[in-house]
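One structure is given here, and the rest of the page talks about it.
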Amino acid sequence: MSRTFRRRRHRYDYRSALLDFDAPGPLWSRKLIERNSSEGRRGIARFHSDAYFSARSPAPRWYRREFDHRLRTRNDRELRRWLADPDYDPVTQARHLHRANWSWW
């Protein structure tokens, strides 16, 4: 099933993509950009691109790579310790696809 078919009636919340923050001062002022203006269309296009970052975005690649490396090293150490001493009860941690993303936030 194609992605467009699955999401054909999906409604997006463009509020974060259409917010414009003015220069910092005593208070940050923000205004909502019109959706049909050129700047609004540019914001929506960026929202749908891979360059947009939001709270639902995954952790950066460097963090996921480092997180997975530490997990593999810890499990490898447990396995080697068990091979050296068969009476040792290894405690390994199962790898989960989204585990690094949960720890990032």
Need pairs with beta-carbon distance below 7 Å; first residue in contact (Cβ under 8 Å) with a residue 24 or more places away in the chain and within the range 56-75, second loosely packed, with under 13 Cβ neighbours inside 10 Å and of a type in the set (Lys, Arg); sequence gap 6+ or separate chains.
71/95
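Every residue, every condition in (1) modelled with pLDDT under 90; (2) acidic (Asp, Glu); (3) part of a helix (DSSP H, G or I); (4) not assigned by TED's automatic domain parsing to the domain that holds residue 12, yes or no:
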{"residue": "42", "(1), (2), (3), (4)": "yes, no, yes, no"}
{"residue": "69", "(1), (2), (3), (4)": "no, no, yes, yes"}
{"residue": "83", "(1), (2), (3), (4)": "no, no, yes, yes"}
{"residue": "86", "(1), (2), (3), (4)": "no, no, no, yes"}
{"residue": "93", "(1), (2), (3), (4)": "yes, no, no, yes"}
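The values are calculated or read from the model by the stated rules, or taken from the named source; none is laboratory data. The model shown is predicted, which means the values in this text are computed figures rather than measured ones. Cβ sites come from the backbone with ideal geometry, for glycine too, and all protein chains shown count toward neighbours.
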